[in-house]
Amino acid sequence: MKFTKKLLAAAAVLTAVSATPSFALTTTIDFGLANNAGAPSIVFNQGGYTVTASALVTDNARNIIGTGNVTQTKHTTDVNGGGIGELNNAGDTSHDIDGAILRNDLVQLVFNKAVKLKSVRFARVDSNDYFDFYTLAGYQFSAATPFPLAQYVFAGGGVIGKVFGFGATVDTSDYKIRSITVSAVPLPPAALLLVSGLFGVGALGRRKNKSA
């Protein structure tokens, strides 16, 4: 009887989680809460997620050719300021994610678990800025930063993964990543099927014991 109750409870929890609307589990990770002069990587712990930001350098064909330092700027009251950028040469004083001849910035974000990336908010943007978007599979697309709102919403409800990158190849592009909004990845139907199957096996065993 106790085993059956536990199975019923587990099934109820899984059903509730799977049926929970994704917006209820949405978290915004703010990268503009502190200042950091620059480091090979910066770790953020917010909303139950651990995100490691690191800096890479690409050529004009978007091939990774080196590394840089991630920088972080506190945004205070500036609605279009603050966030993470990149420093990959001594002459870079703005620390934006920018495009340059042969040495383009690319900030990579690595999560401790899979998420659905729903949107990104930029800082220090204008109408000349374009961002390149990467996943673990490599370069995906390039798009204009939505000036002046500075928030880009991914189509189809979001992109699922653990590794996301934001870079710049166009020479006029220079921006920071102020925040990203993610949601938990819904449990696959297989998880519910597994619990249902275990419940069925438990119930069958209970009936057999009664028959004996």
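For segment 97-139, a residue qualifies if it is of a type in the set (S, T, N, Q), under 15 Å from the mean Cα position of the chain (by Cα) and surrounded by fewer than 14 Cβ atoms within 10 Å (Cβ to Cβ), and exactly one does: ASN112. With respect to (1) crowded, with 18+ Cβ neighbours inside 10 Å; (2) touching a residue at least 12 places away in the same chain (Cβ under 8 Å); (3) within 14 Å of ASP174 (Cβ to Cβ), the lone exception for HIS75 is condition (3). Just one of (1) under 24 Å from PHE147 (Cβ atoms); (2) free of Cβ contacts under 8 Å to residues at least 12 places away in the same chain; (3) surrounded by fewer than 16 Cβ atoms within 10 Å (Cβ to Cβ) fails for ASN60. It is (2). State yes or no: is THR93 without any contact (Cβ under 8 Å) to a residue 12 or more places away in the chain and under 19 Å from ASP171 (Cα atoms)? Yes: the conditions hold for THR93. Restricting attention to segment 81-91, the residues being surrounded by fewer than 19 Cβ atoms within 10 Å (Cβ to Cβ) and either of a type in the set (D, E, K, R) or in contact with a Lys or Arg (Cβ under 7 Å, 6 or more places away or on another chain) (or both) number 2. Here ALA100 clears all of (1) out of contact with any strand residue (DSSP E or B) (no Cβ under 9 Å at 6 or more places or on another chain); (2) over 21 Å from ASN60 (Cα atoms) except the condition numbered (2).
Computed from the coordinates by the stated procedures, all read-outs in this text should not be read as laboratory data. As the structure is a computational prediction, the values presented were derived from the model and not from experiment. Please note: Cβ atoms are built from the backbone with ideal geometry, for glycine as well, and neighbour counts cover all protein chains shown.
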